[in-house]
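Structure first, then comments.
Nothing in this text is a laboratory measurement; each read-out follows from the coordinates by a stated rule. Everything quoted here is computed from the prediction, not taken from an experiment. Because the Cβ atoms are built from the backbone with ideal geometry, glycine has one as well, and the counts that use them run over all protein chains shown.
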Amino acid sequence: MSTAREPLRLGTRKSLMAMTQSGLVADALSQRTGHMVELVGVTTQGDVSKALLAQIGGTGVFVNALRDRLLSGEVDFAVHSLKDLPTGPAEGIALAAIPVRDDPRDALCGPCKLADLPRGARVGTGSPRRVAQLRALRSDIEVVPIRGNADTRLRKVADGELDAVVLAYAGLKRIGRLADVAEVFDPDQMLPAPGQGALALECRADRADLVELLAAVDDPASRAAVTAERTVLAVLEAGCSAPVGTYAAEVEQKLRLTANVVGVDGARQIRLSASGHPDWPDELGRELARRLLDQGADQLMGELDDEPR
Ligand SMILES: NCc1[nH]cc(CCC(=O)O)c1CC(=O)O
């Protein structure tokens, strides 16, 4: 048990983005609870091997090492990018808090807006969701698969290897690279990944003291929005690399959810919206996912399986 004198140990990945977002959570938690928080850097599989990340599809590779440290008691809680958390429950782990969500939108980093890039411009992204939506916006551009952290991706633009890259606005903000942003995509143009821009605090489910303490930084409105989004993803049984975009937010006391599934060529997409009570985000997510499936979402996603990843 931690006492007020003993700092809480926060497990985090060691990248600049992860350390920055963990530092923000640590500060907010200290301010609200009076507890000191100490950051403990953890190397995850996803940080060690990029080849592995491609091979095993990415789901959970950034998350499992942190969960192992929670279960062994080496750290008290962990901070993840919610987007990187698999949708299924994890044995013995509690999702103790979802803090106020940052800007969920995607951003284009390059010399100009997407519409002003030259014909056949090379735009980098590794996400099938972004690939499909980019092709829907500009069928002439060449989408180039890339991996690596945000800095590495931005360097490819600086080096002239690519004309532009698409990254999450929230991540760019956390690493101090907003000056590189040429355009922020409105959700009408590009729906973000489920949970994008939000963070997740996890601890051991049997640590009721921690579950209660961490709730100090939970934001119910953000939690409702990302729960609706992640339920769509879960029902469509799509991993983090699936071409599923979502965006939920409270509008006039209702939770409004929009989701799309886009074929890999960008030519066909199914896009639907629904509103529901903010207290029942799972129901809203399930309903919208069912409607997407009724309209052929599984067939659109299935076609992706024949594509090289
Ligand atoms: N998969 C990597 C990842 N996980 C979370 C973010 C961005 C920050 C966020 O969504 O909270 C990123 C990078 C990106 O997509 O540009």
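Identify, by number, the condition in (1) farther than 30 Å from Asp265 by Cβ; (2) within 14 Å of the ligand (Cβ to nearest atom) that Val184 doesn't meet.
That leaves (1) as the condition not met.
Among the residues of segment 78-109, how many are at positive phi and within 16 Å of the ligand (Cβ to nearest atom)?
Within segment 78-109, residues that are at positive phi and within 16 Å of the ligand (Cβ to nearest atom) number 0.
Here is a list: Ala182, Ala198, Ala225. Which entry is surrounded by fewer than 24 Cβ atoms within 10 Å (Cβ to Cβ) and in contact (Cβ under 8 Å) with a residue 12 or more places away in the chain?
Ala182
Taking segment 60-77 as the search range and keeping residues that are surrounded by 18 or more Cβ atoms within 10 Å (Cβ to Cβ) and assigned to a loop (DSSP other than H, G, I, E, B), which one is farthest from the ligand (Cβ to nearest atom)?
So, considering only residues that are surrounded by 18 or more Cβ atoms within 10 Å (Cβ to Cβ) and assigned to a loop (DSSP other than H, G, I, E, B), the one farthest from the ligand (Cβ to nearest atom) is Asp76.
Have a look at Asp294, Asp279, Asp265 and point out the one that is surrounded by fewer than 15 Cβ atoms within 10 Å (Cβ to Cβ) and free of Cβ contacts under 8 Å to residues at least 24 places away in the same chain.
Criteria check complete, one pass: Asp294.
Scan segment 130-175 for residues that are touching a strand residue (DSSP E or B) at 6+ places or on another chain (Cβ under 7 Å) and within 10 Å of the ligand (Cβ to nearest atom) and report the count.
9
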